[in-house]
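Visitor: Shown below is the structure under consideration.
The values are calculated or read from the model by the stated rules, or taken from the named source; none is laboratory data. Treat the numbers as computed from the prediction; the structure is a model and nothing was measured. All Cβ positions, even for glycine, are placed from backbone atoms using ideal geometry, and neighbour counts span all protein chains on display.
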Amino acid sequence: MTAALKKLGNSKKIRGRISEIFFSIQGEGIYAGLPCRFVRFAGCDKACSYCDTLYAKSIGKLMTVEAVAAKIKGAAPIVLTGGEPTLQGEFLAALLRAVKPRNNSPRRVFLETAGSRPLPPGAAGLFEHISFHAELPLSPDAREFIRNISPAPFTLKIVVRSALQFKDLLAAARFLRSFPLSSIVLQPLSVKKKTDKKSLRKAVLFAGRIQRFFPAVRMLPQIHNLLDLK
């Protein structure tokens, strides 16, 4: 853990905006089905038309690191999600320090982000996994964020919509081949908790086509929507 992260994470009185804290199964990505405790950060600077947590864009509840940590005690893995957690970088670092006080702490912590801001120095390597949601083609900022999180195992999550072109997916896969801890998840578009069938067919097709270039690819729908869970 870097000195910068230790300094940021020393105070349990740092406050952040939290939308909700709850227990459920992980509903998407390579850990789908895993029981977890979720901390949903409030606030987001994106405007995804398919967002299923618009309520998290609101101001949320102001909470200290100490108060949040008290609500997520136990052995279950922790998912820090949003909203957009990186918009509250100081609070994110402090919370990470509180639940993982040592580099070898057994508690698993996962991050879900759209990469709005870089992670605090040294933070990426403390996550067991990072899910990075990006639009294609990858922008220079997205590529730089991937470099920022590459010390941790990470997934590039791509929501498959009608505008997605295979050439952009192929370019992203070729870029990711430089990062041995990377993977790709193609997630079919969900509309009102129902998987769009055209998007599903396209995701299956693209997953099959990209596999020869990038074997670590999965096509995974949002199972929490299929099961009507949070």
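Visitor: Return the pair list, or none, for Cβ contacts closer than 9 Å from residues in region 198-219 that are in a helix (DSSP H, G or I) to residues that are polar (S, T, N, Q) and exposed (fewer than 14 other Cβ atoms within 10 Å of the Cβ), at least 6 apart or on different chains.
Guide: Partner pairs satisfying both residue conditions: Lys198/Ser162; Ser199/Ser162; Lys202/Ser162.
Visitor: Another question, then. For the subset of region 17-36 comprising residues that are surrounded by fewer than 20 Cβ atoms within 10 Å (Cβ to Cβ) and without any contact (Cβ under 8 Å) to a residue 60 or more places away in the chain, which member is nearest to Lys157 (Cα to Cα)?
Guide: So, considering only residues that are surrounded by fewer than 20 Cβ atoms within 10 Å (Cβ to Cβ) and without any contact (Cβ under 8 Å) to a residue 60 or more places away in the chain, the one nearest to Lys157 (Cα to Cα) is Leu34.
Visitor: Scan region 30-74 for residues that are farther than 18 Å from Glu112 by Cα and among the acidic types (Asp, Glu) and jot them down.
Guide: Glu66 - this is the single residue of region 30-74 that is farther than 18 Å from Glu112 by Cα and among the acidic types (Asp, Glu).
Visitor: On to the next question. Which condition breaks for Asp168 when tested against (1) touching a strand residue (DSSP E or B) at 6+ places or on another chain (Cβ under 6 Å); (2) farther than 23 Å from Gly27 by Cβ?
Guide: Here Asp168 meets the rest and fails (1).
Visitor: Can you work out which of the residues in region 40-63 that are aliphatic (A, V, I, L, M) and in a loop (DSSP other than H, G, I, E, B) is surrounded by the most Cβ atoms within 10 Å (Cβ to Cβ)? Reasoning before the result, please.
Guide: Initially, region 40-63 is screened for residues aliphatic (A, V, I, L, M), giving 42, 47, 54, 56, 59, 62-63.
From what is left, the residues that are in a loop (DSSP other than H, G, I, E, B) are 42, 47, 59.
Working: Ala42: 24, Ala47: 7, Ile59: 9.
Residue satisfying both the conditions and the ranking: Ala42.
Visitor: Further question: All but one of (1) under 19 Å from Glu135 (Cα atoms); (2) crowded, with 17+ Cβ neighbours inside 10 Å hold for Val191; which doesn't?
Guide: (2)
Visitor: Now for a different question. Within region 156-170, can one find any residue that is in a strand (DSSP E or B), modelled with pLDDT of 95 or more, surrounded by 14 or more Cβ atoms within 10 Å (Cβ to Cβ) and in contact with a Lys or Arg (Cβ under 6 Å, 6 or more places away or on another chain)? Walk me through it before giving the result.
Guide: Step one: list which residues in region 156-170 are in a strand (DSSP E or B), which gives 156-160.
From the residues that got through so far, the ones that are modelled with pLDDT of 95 or more too are 156-160.
Okay, now just the ones that are also surrounded by 14 or more Cβ atoms within 10 Å (Cβ to Cβ), so 156-160.
Keeping just the survivors that are in contact with a Lys or Arg (Cβ under 6 Å, 6 or more places away or on another chain) gives 160.
Yes - at least one qualifying residue is present in region 156-170.
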